[in-house]
1. Can you find a residue that is in contact with a strand residue (DSSP E or B) (Cβ under 8 Å, 6 or more places away or on another chain), of a type in the set (G, A, S) and in a helix (DSSP H, G or I) anywhere in the stretch 668-677?
2. V660 fails exactly one of the following numbered conditions: (1) over 21 Å from A742 (Cβ atoms); (2) surrounded by fewer than 19 Cβ atoms within 10 Å (Cβ to Cβ); (3) over 29 Å from the mean Cα position of the chain (by Cα). What is the number of that condition?
3. Residues that are closer than 28 Å to G910 by Cα and either in the same structural domain as V525 (by TED's automatic domain parsing) or not small (G, A, S) (or both), at least 1 per element: which strands (runs of 3 or more DSSP E) completely within the stretch 696-799 meet that?
4. Which residues, counting only those in the stretch 410-455, are buried (at least 21 other Cβ atoms within 10 Å of the Cβ), outside any loop (DSSP other than H, G, I, E, B) and of a type in the set (D, E)?
5. Looking only at the stretch 937-988, count how many residues are among the β-branched types (V, I, T) and assigned to a helix (DSSP H, G or I).
6. Considering only residues that are touching a strand residue (DSSP E or B) at 6+ places or on another chain (Cβ under 9 Å) and on the phi > 0 side of the Ramachandran plot, which ones fall in the stretch 386-436?
7. Out of (1) closer than 20 Å to S519 by Cβ; (2) in contact with a strand residue (DSSP E or B) (Cβ under 9 Å, 6 or more places away or on another chain); (3) polar (S, T, N, Q), the odd one out for S102 is which?
8. Are any residues in the stretch 598-646 free of Cβ contacts under 8 Å to residues at least 12 places away in the same chain and of a type in the set (G, A, S), and if so, which ones?
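The values are calculated or read from the model by the stated rules, or taken from the named source; none is laboratory data. All values derive from a computational prediction rather than experimental measurement. Cβ coordinates were reconstructed from backbone atoms using ideal geometry, including for glycine residues, and neighbour counts include every protein chain displayed.
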Amino acid sequence: MDTTLLCLLALVTTVGAVGNYGTFASPANNASLKFRYWLPDASVDTDTVSRDIEEAGAIGAGGVEFLGIYNYGGSLAPQPAGADWATYGFGTPAFNKILKASLQTAKNAGMVYDFALGPNQGQGVPAETTDEGLHWDLAPFNVSIPSNGSYNGRIPGWGTGELVSLVSARVVSSSIIVNPASSLFSTPANNATRLVLATGSLADHTHEVTTNGTVSLAFNVTEQARYHLFAYYQYQDLVKNLDIEENSTGTIFDNGSYTVDHFSGRGAQTTINFWENYILNDTDIKELLQEVGRYGWEDSIEIKSNISWSPCIPDVFEQINGYQLRKYIPLVMYGNNNPGVQPSYPGTLQCVLDSEDQGEGYINDFRAALEKGYQGYLDTLTSWLEGLGLGYSAQISYNLPLNMEGNVNQVDAPECESLAFNNNLDGYRQFSGVANVAQKEVISNEMGADLERAFALPISELLGQINTAFAGGINQIVLHGQSFTGDYYETTWPGYTSFFMLFAESYYSKQPAWAHGFSDAINYVSRNQYVLHVGQPRTDVALYNGVSMTNPQLETLYSSNDMIRAGYTYIYLSPANLNLSQAYVSDGLLAPEAPAYKAIVVTSEQNVTLAGVKALQNYANAGLPVILSGGLPGYYPSGAATDQAAVYAALETLNKSRNVYTTGNGEVASKLEQLNLPPRVAVQTNGTWYPVLRTDNSTDYVYIFSKDSSSEGYITVSSIETPYLFDSWTGKTTPLLHYQTASNTTMIPLRLAANQTIVLAFNSRLKSEVATPSLHAVRLPSNVLGYNYTTTNSLLLHTSTDVCSDCIFQLSNGTTHNLAVNTTTPTTTLTNWTLIAEHWEAPSNMSDASIQAAKRNTTHHLDTLVSWLDIPALQNASGLGYYSASFTWPPTSSSNIDGAYLTLPPIAQGIRVFVNGNNVGPLDLTNPKVDIGPYLTTGANHVTAIVPTMMWNYIRSIFGEIEISGIAPLLSDPLPDRVGNGLIGEVKVIPYTTLHYVI
């Protein structure tokens, strides 16, 4: 196929079919959390790989994302002694054997299966060096024209590759700029030269170069008019995503894996050809992939180059921009390589014009051409995978000098990640908006790759990060990641660890939490994902975001918190997203099918194109409110910026149009309220709550996340359907007791702990499935600890015996009851704990990495529950804590005590609680509280808590003995500090009285 045509393949992908997500209590695997599974290489024991996948499924994971990581062969480490890429590399018969076994295991376990399209990051495959689909680079060279104004001779850089452009320009001034250091990549600051070029002086001399690379040029050089010559060559740099050279088999598997061209469909075709010729030629693998496979997948794009390039870019550039690129390449040679991976090396020379926009318009046009080429790459892979009955998932535009939002809709399951997004909710909003408009079934996230947190990332903190992603529009978590548990070359206990411990986390059976609470967290995540899969999203506001390159660190764009305080949900759309077929206006709503935005906002910090202003004008004419926040936006330059006056004229017309409103900075919420456009889920709280609303034909689902601090307040939902509480920890659905309805809304008081979430569903038809009383409370005293409904429509209120100032309980029919008590019964704080610490340690033979742990017990008596760091014998320990304490029941002879609630401090790493031998069930780690009334007996009662710890404190104590694939772990010196472990704080038994009401 013609190279240019492959570059231009950029069709919008089909929407993935909506799947069967199971139920809230038991989500289907395709709506459940997944693990990224790291295969060291194909030499490892196949049975161990299968067992690892089975164990992931057994604790609740719905699937795996299978990745041959091959720690060696990249920038981190060489091959360990004994490893043999040519025999066990990606796509070899040995790899295919393990791939087939893992697919069969997933099939047997009913799990879904995603697979990397290449080794390591998935950026390439083994290939012949003559393959034109491999990565291209554009090498820049430059030289000053001599003071006599003549340049005669060979042009700079001749022989580097195929000459693309030779350009001269008059230099107005020069200066030194500093490329800042990068702590993430440990790169120092370095200097670059900045040349200001005279607008209109750029001249193309490419066709004047002779076949031997010489040229004869003359310039009118003066002291005030200096000239510079720039030469650019395209060449295949044969960069590898796994840099290995063995030369032992005489096949393409000798030399590692080559990165493919990401700016053309031809690069995608190289990957496709490899799969067809070396993997899918095994009909068993192909059939298994079609049975259990879900997505072919590519990770973050970590390709280094001088300038992002493909041979088709000049043709694409001219086709979409209407003029040739060659003359303007000096303006795009800086900051257009890999802004994520090369932040300190954007280039050694920056050229700008002395015009108003400094040549920014040419850079914007260049990036538009790159984006078109990249879309051809994405579309080619998508079409191929969909032809196999699969889908394509990728971390879209990650690290490329592109507008991320312009490409998210190009694949079936777009993926982002918590690392680059810095757990910034606003960053997730920049990603999820277009995916929702395009009605993508899955918006995925690679979660938990926290720098230098290996074996030290608490589950509670991980869940806080996951909750943040969910609040930002993500609905699929892929945990980073599950590690191989067996032996591997030059690897000691605790075993193979991806990235040499540089990032969290290794999830496997060697983690004490794996079998002692981790499944509760997985089920919690999966139930929330169920809610975030069903129906369609409903979001209040879209914000216009017109940039040519997304900031790799995804900084907050809308910095005011007025909309957050009021509960307005919002996301970002790029100008390109407004061209989607779903992005039309009906009944005053933008994208009415989903997410049905009530308004679009353009802040004064944004820049707009003429096409963008016309789209906004069309929306306003169709009845959509357009809000200009902080004043008129600026101009988004293109090329020579000849349409600037037209853009400003169009903005003035827009500003005077019907349905267009202006407001000050941070006043969008107040303007929406003035327009009688309230949030679908209004919020009033002394903390920070983030609502998410989804709706299907019968149910509105509301997910609320309380970020960072304990808080209370209420939400007002635009529904008068009966509200139900969906408990994501237990899977139980219960009718909500306390709320008020008025004017087609329901107001619900809430009290939430830091990082706690709550899920509510509004659906009157659930009455046929869940026992629901005909009345509810409109006033509920603070001494009500909990409640239950019976099948006979009876309400059992659990009230504490504490004195309360306002004890009036009022039902929706106006009936009131005084819940004051005559006598009080004190709360019991459990003390005199016995802690049996089960130490999980390295085996005597450190080289045996397949062993879970060597275990021994020590016993400790604690008056109060303190961190293991405060117990000298446990400061360097990791493992399981078996805590036990007793109390007498009832605490007094009072006859009005019917039961008790057990409350615990927030839990870091998971917990299992037993009362008199009875498992009380999963607990919300942010606010652990459970009714233990059914388990109490008269006399002595026993509480046992099994608490897993993080492994870091012990790992840290033996750090110098650990080896991974032949090298020491890659952590900084000094090592990260120890972490707090164990059950820390107060455990209380709070008595209650049961009050019975027939309602």
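1. Going residue by residue through the stretch 668-677, those that are in contact with a strand residue (DSSP E or B) (Cβ under 8 Å, 6 or more places away or on another chain) are 668, 670-672, 675, 677.
The next check asks that each one be of a type in the set (G, A, S); those that pass are 670.
Next, only the ones that are in a helix (DSSP H, G or I) stay: 670.
Within the stretch 668-677 (the criterion being in contact with a strand residue (DSSP E or B) (Cβ under 8 Å, 6 or more places away or on another chain), of a type in the set (G, A, S) and in a helix (DSSP H, G or I)), the answer is yes, since at least one residue qualifies.
2. Condition (2) is where V660 drops out.
3. Numbers: elements: 700-706, 711-717, 723-726, 733-735, 740-742, 745-752, 757-762, 777-779, 784-789.
In the stretch 696-799, 700-706, 711-717, 723-726, 733-735, 745-752, 757-762, 784-789 are the strands (runs of 3 or more DSSP E) which contain 1 or more residues that are closer than 28 Å to G910 by Cα and either in the same structural domain as V525 (by TED's automatic domain parsing) or not small (G, A, S) (or both).
4. E415, E446, listed by residue number.
5. The initial filter retains those residues of the stretch 937-988 that are among the β-branched types (V, I, T), namely 937-938, 943-944, 946-947, 949, 955, 958, 962, 964, 967, 979, 984, 987.
Among the residues that remain, those that are also assigned to a helix (DSSP H, G or I) are: 955.
Number satisfying all stated conditions: 1.
6. G389
7. (1)
8. A645 - this is the single residue of the stretch 598-646 that is free of Cβ contacts under 8 Å to residues at least 12 places away in the same chain and of a type in the set (G, A, S).
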